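The values are calculated or read from the model by the stated rules, or taken from the named source; none is laboratory data. Worth saying up front: this structure is predicted, and the values here are computed from it rather than measured. All Cβ positions, even for glycine, are placed from backbone atoms using ideal geometry, and neighbour counts span all protein chains on display.
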Amino acid sequence: MGNKSGSVRSIMFLGTGSDVGKSIAATAFCRILKRRGFRVSPFKAQNMSNNSYVTLEGGEIGRAQVVQAEAAGLLPSVHMNPILLKPSGELGAQIILHGKVFGRMDAAAYHGLKLQLRKAVLASYGKLADEYDIIVMEGAGSCCEMNLKHNDLVNYLFRPGQLPDGYDCLILPGAKNVMEDAVWMRRLGWTRAIRAFAAGGGRVLGICGGYQLLGRRIRDPFGVESRTIEIRGAGLLPVETILEGEKVVRRVTGTCLLNRRKVSGYEIHMGRSEVSEGCGRPFLKIHEPGGKKSWDDGWTTEDGRVAGTYVHGLLDSPGFRGAFLNAVRAEKGLTTRRPARGRLARFHQYDRLADHFEKYCDVDGILEMI
C-alpha cells in the first residue's frame, strides 16, 4: 500500500477493475489527511478520460484529480496527473503529457514510448514528493492485468436510443470525437429522440462537443478526429463547425445574455463554430482576462430553450446555475430556490465523505503503515 522510504510517505489505492471506488477512496483520504494537518497531494500517473480540466498552469488533467486536489485543499497541478489519454475512436487517443498535447497515436505506438513516459511520470512524482508530506496515489483499472503488466506505469511503477419520460432538461456534455459521436447518435436513434424532446418543450443545453452536435453540420477537412469529412448534427441550432488543428485551451469569464448572470469556466476544443442563417442570439459574452477584449460565445434559440456554449464549468457558477434551474422550477409551478455556494457545498460533502471513512477505517493504523 505504501512505503516509508525517503522524506515523503505514500499510500496507493488499487482495485480489481474500473469503477470500483478508487477515486472516491483517494478523495476521502486526501481530506482525512489534510484535516490531520498533513501536506497531502493526489497523484495518478495515467488517467483515461475525455472529461478534463484546465489548471492555472494552462494544462489539462483528469477531473478526478481535480476533485482530489480540492479535497486536499490544493489548486490542481499537471503533475498530479502527468499523463492523460483522451480516446479518439478509430484514430487512437490524444496523449496529454504534463498538460499539453503530445500527439495522437494507437495503442502499439503508445506502448513504444513507455520508457520516455515513465521518466515524465517519475519527474512529476519527484516534484510532488519534494513539496508534500504524503502522496495519495490512485491506480488504474485492475491492478493485475498479466498481459499488460510488463508495460504498466500506473499501478506498479513505484513498487521496487430512448429518452426516459419525466425529464425537464437534457445536457449534452463534451465529446472527444464529435464526428463519430454524431454517427453513433444518429444510428442508435438518439438524434431523433433529442429533436423530439426539444420539439415537445424540453430544454437542451450543449457544452463544447455537445454544442457542436446540436448544430447543423460538422466538418473535419483536415482529418483532426476522423476520416469522415462532413457529418450532420441535430440541427437544433443554426451552427456549423469546422475542426482545426490548433487546440483552444483557456480559462474564461463572462455573462449569460439570457439572464445576465456571471459565469466562469474554461474552454478545451479543436473546433470553430459559426452561426449560419437562422433566428436566435448569442448565449454568452466572454471577457478576456484583463478585460481588453470580449466576444460572443455559443448560441441560443429565441425562447432560450435550446442553447450551446464552448464554456465548461458554467454550471459551477452559483448565479447562473440558480437562474437556469429556477427557470425550470417556475415552469413546473415550483418555488424558486437560492443556489448553494458551489465550493462551500463541495467542502461540506468532502468532510462528510472523510467522516464516513474515518468511522470505518483504522486511519491511525494506516498512517503507521505509510
Could you tell me whether ALA354 is on the phi < 0 side of the Ramachandran plot, among the aliphatic types (A, V, I, L, M) and modelled with pLDDT under 95?
no
Among (1) among the aliphatic types (A, V, I, L, M); (2) over 17 Å from ARG305 (Cα atoms); (3) modelled with pLDDT of 90 or more, the one test that ILE207 misses
(2)
Surrounded by fewer than 20 Cβ atoms within 10 Å (Cβ to Cβ) and either among the aliphatic types (A, V, I, L, M) or within 30 Å of GLY342 (Cα to Cα) (or both): is that true of VAL101 in this structure?
yes
All but one of (1) touching a Pro at 6+ places or on another chain (Cβ under 9 Å); (2) surrounded by 12 or more Cβ atoms within 10 Å (Cβ to Cβ) hold for ARG341; state the number of the condition that does not hold.
(2)
Only one of (1) β-branched (Val, Ile, Thr); (2) at pLDDT 95 or above; (3) over 27 Å from PRO289 (Cα atoms); (4) within 16 Å of the chain's Cα centre (by Cα) is not met by VAL40, so which one is it?
(4)
Number of the condition not met by THR191 [criteria: (1) in contact with a strand residue (DSSP E or B) (Cβ under 6 Å, 6 or more places away or on another chain); (2) in a helix (DSSP H, G or I)]:
(1)
By residue number, the members of segment 309-331 that are crowded, with 22+ Cβ neighbours inside 10 Å and among the polar types (S, T, N, Q) are THR309, SER317
Note on HIS348: of the conditions (1) part of a helix (DSSP H, G or I); (2) on the phi > 0 side of the Ramachandran plot; (3) not basic (Lys, Arg), unmet is (2)
Mind checking which pairs have a first residue in segment 110-130 that is among the polar types (S, T, N, Q) and a second that is assigned to a helix (DSSP H, G or I) and surrounded by 15 or more Cβ atoms within 10 Å (Cβ to Cβ), Cβ under 9 Å, 6 or more apart or different chains?
SER124/VAL78; SER124/HIS79; SER124/MET80
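A quick yes/no check of all residues on (1) part of a strand (DSSP E or B); (2) assigned by TED's automatic domain parsing to the domain that holds PHE222; (3) surrounded by 20 or more Cβ atoms within 10 Å (Cβ to Cβ):
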{"residue": "PRO76", "(1), (2), (3)": "no, no, yes"}
{"residue": "GLU90", "(1), (2), (3)": "no, no, no"}
{"residue": "GLN116", "(1), (2), (3)": "no, no, no"}
{"residue": "LYS119", "(1), (2), (3)": "no, no, no"}
{"residue": "TYR125", "(1), (2), (3)": "no, no, yes"}
{"residue": "ILE135", "(1), (2), (3)": "yes, no, yes"}
{"residue": "ALA140", "(1), (2), (3)": "no, no, yes"}
In segment 345-363, the residues that are under 20 Å from the mean Cα position of the chain (by Cα) and closer than 21 Å to GLY319 by Cβ
ALA345, ARG346, PHE347, GLN349
Restricting attention to segment 217-230, report how many residues are surrounded by fewer than 19 Cβ atoms within 10 Å (Cβ to Cβ) and outside any loop (DSSP other than H, G, I, E, B).
3
